[in-house]
Amino acid sequence: MKRKHILYRDVADKIKEDIMSGHYPVGSFLPTETELEAAFNVSKITVRKAIELLAADEYVEKRSGRGTTVLSNRPYNKLSKGTTFSQLLEKTGKEYTKKNLDFNLVELAEDHPASALMGREVMRLRRMYYFDHQPFIYYEYHLPKLLKGLAMEELEEKSLYRILDEHRMVIDTFEDSFAGLTLNEEQQKFLITPEISALKRVRRSYDLHGEVVEYTEGIYNTALHPYVIEFEA
């Protein structure tokens, strides 16, 4: 069935095209609501709904009294026609939260998978996600040591990929792989679970030059909730 014509989506799509083409560069401000109304010959409500759509997809950020800033020109901010795992968890009505455990410069073991990709010294972010108040996902992010000095507060306020963009480490592609994992005793204690089976996810993110700028390992206690992503046909 063909998608119904919706005016605010058309406006959002045109603004997004202008962002992707560089007409509105990252860091610049979009025209005011009044200017966009005149440019598209639409109502203020239509413009506002279009901006809200772009903000939800993390292309822009609207701040009262400051205008609307372009945040990203990346085509993969959200999975096109997809519902992410995080969004599905939020729909359950149960609490889904995260906690950054630490962020330090570490020296990796020579046989660590990230060592050959990024060098021995990396910034490591350890993060735990909680579902229904229980430890659910444990992540270890391995990031370029150029991020040394980044405050934990900034990691609380912004997404990791937004921070990488701001430090001129633009991610062009990423690769995810999944495998079953048998939890050892230490991992069971850390996740506070008697389960022995879990899901391991590994992500490698590459910049425009094909260099790895992120190597992340995650452990999912899928006994709490299976890993699912929904896509529209």
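The values are calculated or read from the model by the stated rules, or taken from the named source; none is laboratory data. What you are looking at is a predicted structure, and each value in this text was computed from that prediction instead of being measured. With ideal geometry, Cβ positions are generated from the backbone for all residues, glycine too; neighbour counts draw on all protein chains shown. Areas reflect the complete protein model, heavy atoms only, side chains present, ligands, DNA and RNA absent. Shrake-Rupley method; radii C 1.70, N 1.55, O 1.52, S 1.80 Å.
In this structure, does P226 turn out to be in a strand (DSSP E or B) and either surrounded by fewer than 16 Cβ atoms within 10 Å (Cβ to Cβ) or modelled with pLDDT of 90 or more (or both)?
It is false that P226 is in a strand (DSSP E or B) and either surrounded by fewer than 16 Cβ atoms within 10 Å (Cβ to Cβ) or modelled with pLDDT of 90 or more (or both).
Just one of the numbered conditions (1) touching a residue at least 60 places away in the same chain (Cβ under 8 Å); (2) under 27 Å from A198 (Cα atoms); (3) open to solvent by 30 Å² or more (accessible area, probe 1.4 Å) is not true of P135; which one?
Condition (3) is where P135 drops out.
Condition (residue is exposed (fewer than 15 other Cβ atoms within 10 Å of the Cβ), in the same structural domain as A12 (by the TED database) and more than 22 Å from the chain's Cα centre (by Cα)) applied to the stretch 101-114: is it met by at least one residue?
Scanning the stretch 101-114, I find no residue that is exposed (fewer than 15 other Cβ atoms within 10 Å of the Cβ), in the same structural domain as A12 (by the TED database) and more than 22 Å from the chain's Cα centre (by Cα), so the answer is no.
Would you mind stating whether V42 is more than 29 Å from R162 (Cα to Cα), outside the structural domain of E166 (by the TED database) and either assigned to a loop (DSSP other than H, G, I, E, B) or touching a His at 6+ places or on another chain (Cβ under 6 Å) (or both)?
Spelling it out, V42 is indeed more than 29 Å from R162 (Cα to Cα), outside the structural domain of E166 (by the TED database) and either assigned to a loop (DSSP other than H, G, I, E, B) or touching a His at 6+ places or on another chain (Cβ under 6 Å) (or both).
Determine whether the stretch 158-181 contains at least one residue that is at pLDDT 95 or above, surrounded by 15 or more Cβ atoms within 10 Å (Cβ to Cβ) and touching a strand residue (DSSP E or B) at 6+ places or on another chain (Cβ under 9 Å).
Scanning the stretch 158-181 turns up at least one residue that is at pLDDT 95 or above, surrounded by 15 or more Cβ atoms within 10 Å (Cβ to Cβ) and touching a strand residue (DSSP E or B) at 6+ places or on another chain (Cβ under 9 Å).
Among what's in the stretch 11-45 and is more than 25 Å from the chain's Cα centre (by Cα) and closer than 23 Å to S72 by Cβ, pick the residue that is least open to solvent (accessible area, probe 1.4 Å).
Among those that are more than 25 Å from the chain's Cα centre (by Cα) and closer than 23 Å to S72 by Cβ, it is L36.
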